[in-house]
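J.: Pasting a structure here, questions to come.
The values are calculated or read from the model by the stated rules, or taken from the named source; none is laboratory data. These numbers come from a predicted model, not from an experiment. Note that each Cβ is placed from the backbone with ideal geometry, even for glycine, and that neighbours are counted across all protein chains shown.
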Amino acid sequence: MDYFLKLHKAKWSIEKQEFILASLASCLAHYAVTDVVILMPEKHCLTDDFNKLFAAIQSFFEEYGLSTVLYDVKEVYLRFGSPVKRTRNSLMKRMAIFYPELDKYYAKELTNKNKYYVKLFEAVAVAGHHWLRQYQK
């Protein structure tokens, strides 16, 4: 397993989109990717820039013969977060229980002023959700 983040903090631009697509190409070159899973934000968070990037990502993976599977953020948080209230902390805590190697990232995130690792936990959660949906009948 390989846990890492690639942050692209710059303001939105075509160059940033190309940088993101180059990062994805690097992942395809280094890993045997069979599924592309995207955690979709809530509808009110979908900006024009996000939609442009999303279309570019889908097109990029289609060129490699890979389709993208979309999961709603609420669906994933319901499966792995608190059944009572959807919080980032409850999701991270449960994912650290399921995947003990995430403990160190969970501990770091608790002390971070600006939330950084939550995206890592969301990525692991959506991958786990996808796996369960595919293989749990």
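J.: Mind listing just one residue for me: the one in region 25-76 that is touching a helix residue (DSSP H, G or I) at 6+ places or on another chain (Cβ under 6 Å) and part of a helix (DSSP H, G or I) and, of those, nearest to Tyr135 (Cα to Cα)?
T.: Top of the filtered list is Val76.
J.: Restricting attention to region 83-104, which residues are in a loop (DSSP other than H, G, I, E, B) and farther than 17 Å from Val126 by Cβ? If you could, list the steps in order and put the result at the bottom.
T.: Let us first name the residues in region 83-104 that are in a loop (DSSP other than H, G, I, E, B), namely 83-87, 99.
Passing the criteria: Pro83, Val84, Lys85.
J.: Scan region 88-137 residue by residue and report those that are closer than 25 Å to Thr34 by Cα and aromatic (Phe, Trp, Tyr).
T.: Across region 88-137, the qualifying residues are Phe98, Tyr99, Tyr117, Phe121, Trp131, Tyr135.
J.: Taking the stated definitions as given, is Val69 within 13 Å of the chain's Cα centre (by Cα) and under 24 Å from Lys9 (Cα atoms)? First the steps, then the outcome.
T.: Numbers: within 13 Å of the chain's Cα centre (by Cα): yes; under 24 Å from Lys9 (Cα atoms): no.
The answer is no for Val69.
J.: Filter region 83-127 down to the residues that are surrounded by 13 or more Cβ atoms within 10 Å (Cβ to Cβ) and of a type in the set (Gly, Ala, Ser), then identify the one that is farthest from Met40 (Cα to Cα).
T.: Ala96
J.: Consider Lys6 carefully, then state whether it is out of contact with any strand residue (DSSP E or B) (no Cβ under 6 Å at 6 or more places or on another chain), within 29 Å of Pro100 (Cα to Cα), at pLDDT below 90 and of a type in the set (D, E, K, R). Outline the logic, then answer.
T.: Details: out of contact with any strand residue (DSSP E or B) (no Cβ under 6 Å at 6 or more places or on another chain): yes; within 29 Å of Pro100 (Cα to Cα): yes; at pLDDT below 90: yes; of a type in the set (D, E, K, R): yes.
It is true that Lys6 is out of contact with any strand residue (DSSP E or B) (no Cβ under 6 Å at 6 or more places or on another chain), within 29 Å of Pro100 (Cα to Cα), at pLDDT below 90 and of a type in the set (D, E, K, R).
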